[in-house]
Amino acid sequence: ETGVTQSPTHLIKTRGQQVTLRCSSQSGHNTVSWYQQALGQGPQFIFQYYREEENGRGNFPPRFSGLQFPNYSSELNVNALELDDSALYLCASSLGGAEHEQYFGPGTRLTVT
Amino acid sequence: QKEVEQNSGPLSVPEGAIASLNCTYSDRGSQSFFWYRQYSGKSPELIMSIYSNGDKEDGRFTAQLNKASQYVSLLIRDSQPSDSATYLCAVRGSARQLTFGSGTQLTVLP
């Protein structure tokens, strides 16, 4: 157990809808990174939050957005859902940037129909 | 060329053998390297990190890094059926983000 929690576990949404996924980081960690993992692929970096500021972004459109709160928990918001957004969404917490070890939560499985 | 490439596998080894997993990366500015294990239907679990050239051992696992050759590997000694999983190589490059390979599926046969 990493101490990183995510909610919900599973989610089914319809194309065009909006979704919010949540992540609580491990105690003492100030950085949260979000990843999208399609079936049979490695996780793809979406963005990272460090002390409530976005601190790096991967190749994802602006309809993917996020927040980090003072307690270092985080949200991932996806607007205008598309069928290709169906994936496992993972958050990882760390003490600092990508050079530090990142520990993953259990993930949220999103299905867009 | 993909930024982080792994042998797609699947890789099968008999119980008790050494499993060797390989990863190459394209960004010469990469400084931090990680191996994750992912069981089917689960999230990735960190098993090794390595930052300097050479070998790093942790129990049955040994990570090897050669920055000149842009190559990182993971050896699993005395492989057990419980080691059967997908192994993900992750590299922190110049863009300061973690880039993952597609993973190598390992099966350890009893």
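The values are calculated or read from the model by the stated rules, or taken from the named source; none is laboratory data. Keep in mind it's a predicted model, so treat the numbers as computed, not measured. Neighbour counts are summed over all protein chains in view; Cβ atoms, including those assigned to glycine, are modelled from backbone coordinates with ideal geometry. Note: accessible area is taken over every heavy atom of the protein model, side chains too, but ligands, DNA and RNA are not part of it. Shrake-Rupley method; radii C 1.70, N 1.55, O 1.52, S 1.80 Å.
Numbers for the structure displayed
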quantity	calculated
For the protein assembly as shown: accessible area per residue (Å², 1.4 Å)	47
Members of the stretch B:79-105 that become less accessible by 30 Å² or more once partner protein chains are added (1.4 angstrom probe, chain alone as reference)	B:92, B:96, B:97, B:98, B:100, B:102
For residue A:86, distant residues with modelled amide H under 5 Å away	A:112
Projected label distance in nm at residue A:99 and residue B:45, using a 7 Å step from Cα toward the beta-carbon	2.9
FRET efficiency, residue B:56 to residue B:27 (Cβ-Cβ, R0 22 Å, nearest 0.05)	0.60
B/A buried area, accessible surface, summed, 1.4 Å probe, Å²	1500
Rg in Å to one decimal, and Dmax rounded to a whole Å, for the stretch B:1-93 via C-alpha atoms	12.8, 37
The stretch B:22-94, accessible surface, carbon-and-sulfur percent (1.4 angstrom probe)	44
Long-range Cα-Cα pairs in chain A (distance over 15 Å), rounded percent	59
Gyration tensor (Cα) of the stretch A:19-79, equivalent ellipsoid semi-axes in angstrom	19, 13, 11
Chain A, accessible surface, carbon-and-sulfur percent (1.4 angstrom probe)	48
Rg/Rg_globular for the protein assembly as shown, with Rg_globular taken as 2.2 N^0.38 Å and Rg from C-alpha atoms	1.01
